[in-house]
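The values are calculated or read from the model by the stated rules, or taken from the named source; none is laboratory data. Everything numeric here is computed off the predicted structure, so don't read it as measured data. We place every Cβ from the backbone using ideal geometry, glycine too, and count neighbours over all the protein chains shown. Heads up: the accessible areas ignore ligands, DNA and RNA and are worked out on the full protein's heavy atoms, side chains in. Shrake-Rupley method; radii C 1.70, N 1.55, O 1.52, S 1.80 Å.
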Amino acid sequence: LESGIRGFTLNEDINLTINTEEFGVYGNALDLNHHLLGDELNVTKDNFTYTTGEMNLSGNTLNITKNMTQSGGKIDLNGGTINIGQDLTQDNAQLDLNGGNISVGKDLTQNRGDFDLHGGKLKVERNMLQNGTMYINRGELDIAGDYYIAGKREIEDDGTETVGSGSGYLKMVKNADKVKVGNDFQMNTNVDHSNYLTAGTMYVGGDFKQKY
């Protein structure tokens, strides 16, 4: 494969390695259809971009050396795993863990997207800025650094922090829902959470702040 695909459905197991500076999925469906891509699907050099269509990982493992950007479409892990070496950015897209796992080596930024942990685990090694929907849904969210539900977060050279209001929300309505934040948790959103934070367990290692 050179630098991108526009969709396929597997009907048997294959071995596939992607060795390119940039790799993208740009439309239609990428359906692994419960077949295996050898042991792993590796984007070995640089970034992975997903823009439109539907991708069903079907229990496979996707390893991305640097960054992953999802700017549209829907990704269903379906028991699979995505390991991201650096940052994950989601913009106006859907991502369903469906019993799978995602590991983000640095930061996660979400804008207008939908995350459904759906019995899976999302682990972020640094900070998360959320301006979309995060539905824990019997899953686990583990953030080593700060977790901000806000429209923006900027830190000046002198350490001054500016946080802008957003429209994101965190949905914890089931007893099995788990959220762990290693440092600070801040909510700066115009969404009323009175019906969204009703069950589950949240651990915050630093400060808890809520703004309107």
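Tabulated results
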read-out: Residue count, segment 172-193 (criterion: of a type outside the set (S, T, N, Q) and open to solvent by less than 30 Å² (accessible area, probe 1.4 Å)); value: 7
read-out: Hits in segment 48-83 - residues which are under 12 Å from the mean Cα position of the chain (by Cα), of a type outside the set (A, V, I, L, M) and open to solvent by less than 10 Å² (accessible area, probe 1.4 Å); value: Gln70
read-out: Asn101, sole failed condition from (1) open to solvent by less than 40 Å² (accessible area, probe 1.4 Å); (2) modelled with pLDDT of 90 or more; value: (1)
read-out: Residue count for segment 159-203, restricted to those that are closer than 26 Å to Leu97 by Cα and either in contact with a Leu (Cβ under 6 Å, 6 or more places away or on another chain) or without any contact (Cβ under 8 Å) to a residue 24 or more places away in the chain (or both); value: 5
read-out: Test: residue in segment 113-123 that is at pLDDT 95 or above and of a type in the set (Gly, Ala, Ser); value: yes
read-out: Test: residue in segment 71-88 that is within 29 Å of Gln210 (Cα to Cα) and either aliphatic (A, V, I, L, M) or in contact with a Pro (Cβ under 8 Å, 6 or more places away or on another chain) (or both); value: yes
read-out: Answer from Tyr196, Tyr203, Tyr148, Tyr169 - the residue that is open to solvent by 70 Å² or more (accessible area, probe 1.4 Å) and touching a strand residue (DSSP E or B) at 6+ places or on another chain (Cβ under 9 Å); value: Tyr203
read-out: Residue selected from segment 87-97 under the condition part of a strand (DSSP E or B) and not aliphatic (A, V, I, L, M), by the criterion farthest from Tyr50 (Cα to Cα); value: Asp96
